[in-house]
Amino acid sequence: MADLSTIENALQHVKARIHQACLAAERSSESVRLLAVSKTMAADKVIEAYQAGQREFGENYVQEGVEKVEQLTHLSDIVWHFIGPIQSNKTKVVAENFSWVQSLDRIKVARRLNEQRPLTKVPLNVLIQLNIDDEESKSGIQLEQLTEFAEQVNSFPQLKFRGLMAIPKATSTERAQQQSFQALNFAFNDMKRRFPSVDTLSLGMSNDLATAIAHGSTMVRIGTSIFGKRQA
Ligand SMILES: *Cc1c(COP(=O)(O)O)cnc(C)c1O
């Protein structure tokens, strides 16, 4: 077993898994980015991962995320991604503090992020979240709504439409899981053809990283395998 007792070792191990999955899928390792999901983890854990070379971090909760962004402004090359549900009364702090929003699923929120993104900053990178397995408990739009929604998102000047994000169901059968991943891959390729700014499929977490990479993921979002189990 690899020694996973430090965040640095755990990061190395995750990178090795990404590398293996890329080899198996005959893809280059550079085609998959690693997002470290630091939700519920204290800022010193983020610093530890930063010192091991990690630069992209994902947060799910607005208040917690903004606090960490503010605590760590001295690490000025960190790229912060917001990956949790957004209420429309929280859009301003998200537009001001994050570089990416991966969980866009309402036009009202897109409009507010566009209006509230400071003009002194580059446009906010956004991914549209798809609810690929039609789960009531999950955020995201339905596949059938995607084209129209994407056209609207793409029209906002302070947003840059970069692609899709999804959280496929963990408990379904392997066959059903493959179908969901395949549908996402298809939708991503369709978006790439229609919108030149699209280059990102955010798919894959600690448990389904390899399947996601086999189905074209360009960004895996990893929490547990880097930082260990979350308390909450
Ligand atoms: C928590 C979370 C992750 C990370 O999940 P792990 O299983 O801990 O790797 C990835 N994406 C989203 C949207 C999350 O909320």
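The values are calculated or read from the model by the stated rules, or taken from the named source; none is laboratory data. Predicted model, so just to flag it, every value in this text is computed and none were measured. For neighbour counting, all protein chains shown are included, and Cβ atoms are generated from backbone atoms with ideal geometry for every residue, glycine included. The area values use the complete protein model at the heavy-atom level, side chains included, leaving out ligands, DNA and RNA. Shrake-Rupley method; radii C 1.70, N 1.55, O 1.52, S 1.80 Å.
Just a few scattered comments:
- Over 21 Å between alpha carbons, listed pairs Lys45/Lys229; Lys39/Lys121; Lys68/Lys92; Lys39/Lys108; Lys108/Lys160; Lys15/Lys45: Lys39/Lys121; Lys39/Lys108
- Placing Lys138, Lys229, Lys160 in order of accessible area, with the largest value first and a 1.4 Å probe, yields Lys229, Lys160, Lys138.
- Cβ-based net charge around Ala170, under 12 Å, with every Lys or Arg adding one and every Asp or Glu removing one: -2
- Net charge of Cβ neighbours under 11 Å - reference Leu201; Lys, Arg +1; Asp, Glu -1: +2
- Between Ile47 and His19, the modelled label-to-label distance comes to 2.9 nm, taking each label 7 Å out from Cα in the direction of the beta carbon.
- Think of it as helices only: each DSSP H run of n ≥ 4 in the chain is worth -39500 (n - 2.57), and spread over all residues that comes to -12000 deg cm²/dmol at 222 nm.
- Solvent-accessible area of Thr147 with every protein chain in place, 1.4 Å probe, in Å² to the nearest 10: 40 Å²
- Near Glu56, the amide H atoms lying under 5 Å from its own belong to Ala36, Val79; only residues 5 or more places off or on other chains count, and H is placed 1.01 Å from N.
- Taking 0.36 nm per residue of separation and subtracting the Cα-Cα distance, full extension of the segment from Ser76 to Ser206 would add 44.1 nm.
- Residues in the range 40-55 that a label on Asn9 would reach, taking backbone N under 20 Å of a point 7 Å out along Cα→Cβ: 45-54
- With the whole protein complex present, Trp100 retains an accessible surface near 10 Å², based on a 1.4 Å probe.
- Dipole in debye (nearest 20) - the range 14-144, about Cα centre, beta carbon charges: Lys, Arg +1; Asp, Glu -1: 300 debye
- The order of Ser155, Ser180, Ser137, Ser31 by accessible area, most exposed first and with a 1.4 Å probe, is Ser137, Ser155, Ser31, Ser180.
- Three-way shape label, the chain, alpha-carbon gyration tensor, a/c 1.5: oblate
- For the range 65-111: rounded, prolate or oblate by the Cα gyration tensor [a/c cutoff 1.5]: prolate
- In a reduced charge model with +1 at each Lys and Arg Cβ and -1 at each Asp and Glu Cβ, the range 97-213 shows a dipole moment near 560 debye about its Cα centre.
- Overall form of the range 1-88 per C-alpha gyration tensor (a/c, 1.5; a/b vs b/c): prolate
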